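Step one of this worksheet: look at the structure below.
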Amino acid sequence: MITQKLEPLFKLENYQRQPRFQNGFYQQDILSVNQFGKENLDYIFERADEMKAMAHQWGTCDLLKDYTLACVFYEPSTRTSSSFISAMARLGGKVIPITEGIQYSSVSKGESLIDSILTLEQYCDVIVLRHSEIGSSATAAKYAKVPIINAGDGAGEHPTQALLDLYTIQSELGHIDGLKVAMVGDLRYGRTVHSLTRLLSQYDVSLRFVSPETLRLPMDLMNDLIDKGIKVRETNKVSDVIENADVLYVTRIQKERFTDLAQYEEVKNYFEITPEVMAQAKEKMIVMHPLPRVGEIHYKVDRDPRAAYFRQVQNGLYIRMALLAAVLGQA
Ligand code: ASP
């Protein structure tokens, strides 16, 4: 039997987790791009620049060593989940990854999203959530005490993708005002298009939308743009926009959102960006894609210096490092 008085394991009074910065993001959910004004955007972009410099020089640091992220993906993902995991790792934090294994988790036993979130938040300080239903992250945020970061809610929004997209445009072209941005592909179901369009509408830009008739931008979003006085034009041909575009933002047709697969078959090979198409584009412009691509951009275009989509992937890492650190009060 142990008789001596137990020494405390931890000298808890010596250290308390505190926010280092009061940045407006501390403990906030990141659900929609509507939360971001220009000042917030500049703040995150400056932090992302610092993250980039740190990652290049040191590789990792211990900024988030006392924090744990739960990365919860109910829909497939390669880039978003791994970039959040990498972001946390580079900042010295820990990750509970519930991604590919979701079929082995209690969700497959019928556990509700809310119960899963209320459980997982007991283990972590922040949750990144991807789910097939529009509004799922907002619902999770209503119940959760820890911040929820929306990593895609069905055909709704993908705010962290939009932030990295905008950051890429700024880094590549040096400015956003005055640009002509052409969005190409599935504008109806493409959540990255919805989020980026909303962010861009804060700037003095002209927007061109290129899609088949059945996949046009949702009416409410189009009306918002018109109400804000943004110059918009719609067409169904890339050839109508290629010569003037400063940014060609290409997206895949979102097969998983179609209820009628025959409709998908009709539009799946609607367009392809090839070296011949690129020959008509300006010398100073960029081609972006949130990826994955499934035939919209020919592989030969990858050698074109204007192909920015893999640099865009890298920027995603820095933006997510900045966001995680900001939400946890460490940036
Ligand atoms: N990766 C992006 C998303 O999750 C784009 C796509 O899937 O087409 O929305």
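Rule-based calculations on the coordinates, nothing more; no lab input. This is a predicted model, so every value here is computed, not measured. As a convention, Cβ positions derive from the backbone with ideal geometry for all residues, glycine included, and neighbour counts pool all protein chains shown.
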Task: Residues whose placed amide H lies under 5 Å from that of Phe73, excluding near-sequence neighbours - done: Ile98, Thr99, Arg130
Task: Residues whose placed amide H lies under 5 Å from that of Val241, excluding near-sequence neighbours - done: none
Task: Calculated Rg and Dmax of the stretch 102-203 using C-alpha coordinates, Å - done: 16.5, 52
- [ ] As a check on your grasp of the helix formula, calculate [θ] at 222 nm for the chain: sum -39500 (n - 2.57) over DSSP H runs of n ≥ 4, divide by the residue count, round to the nearest 500.
- [x] -10500 deg cm²/dmol
- [ ] Calculate one ³J(HN,Hα) per residue across the stretch 20-30 by plugging θ = phi - 60° into the Karplus curve 6.51 cos²θ - 1.76 cosθ + 1.60, and present them in order as whole Hz with x for glycine and proline.
- [x] 7, 10, 9, 10, x, 9, 4, 6, 8, 6, 10
TODO: For Lys282, list the lysines whose Cα falls under 22 Å from its own Cα; do not include residues on the same chain fewer than 8 positions away.
DONE: Lys180, Lys231, Lys237, Lys300
Task: Along each principal axis, Cα extent of the stretch 26-166, largest first, Å - done: 45, 29, 27
Task: Bins of 20 Å, starting at 0 and running to the largest distance - Cα pair percent for the chain - done: 30, 55, 12, 2, 0
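Sum up the charges of everything whose Cβ sits under 12 Å from the Cβ of Gly295, counting Lys and Arg as +1 and Asp and Glu as -1, but leave Gly295 out. Walk me through the numbers on the way to the answer.
Numbers: positive: Arg252, Lys255, Lys268, Arg293; negative: Glu272, Glu296.
Charge balance near Gly295 sits at +2.
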- [ ] Quote the convex hull volume per residue of the stretch 1-61, based on C-alpha atoms, as a whole number of Å³.
- [x] 189 Å³
- [ ] Once you have the Kirkwood Rh of the stretch 204-303 from its Cα pairs, apply Stokes-Einstein at 20 °C and 1.002 mPa s and quote D in µm²/s.
- [x] 144 µm²/s
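What does the highest-first list of 137-148, 18-29 look like by mean Cβ count within 10 Å?
Packing proxy ranking, top to bottom: 137-148, 18-29.
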Open item on the list: Please list log₁₀ I(q)/I(0) at q = 0.22, 0.25 Å⁻¹ for the stretch 15-106, using the Debye equation with identical point scatterers on the alpha-carbon positions.
Closed with: -1.36, -1.40
- [ ] Run the numbers on the chain and let me know its relative contact order in percent, using alpha-carbon pairs under 8 Å that are six or more apart.
- [x] 21 percent
Task: In sequence order, calculated HN-Hα J values of the stretch 47-62 (Karplus, 6.51, -1.76, 1.60; Hz; x Gly/Pro) - done: 5, 5, 4, 5, 4, 4, 4, 4, 4, 5, 7, 10, x, 9, 8, 10
Open item on the list: Run the reach check for Lys11 against aspartates and glutamates, Cα to Cα strictly under 16 Å, same-chain hits fewer than 8 apart removed. What comes back?
Closed with: Asp66
Task: Over the stretch 45-194, relative contact order from alpha-carbon pairs under 8 Å, at least 6 apart, % - done: 19 percent
Task: Positive minus negative residues near Ser137 (Lys, Arg vs Asp, Glu; Cβ under 14 Å) - done: -3
Task: Cα gyration tensor shape of the stretch 255-331, rounded if a/c is under 1.5, else prolate or oblate by comparing a/b with b/c - done: oblate
Open item on the list: What is the angle, in °, between the Cα long axis of helix 309-327 and the longest principal axis of the Cα atoms in the chain? Nearest 10 is fine, range 0 to 90.
Closed with: 40 degrees
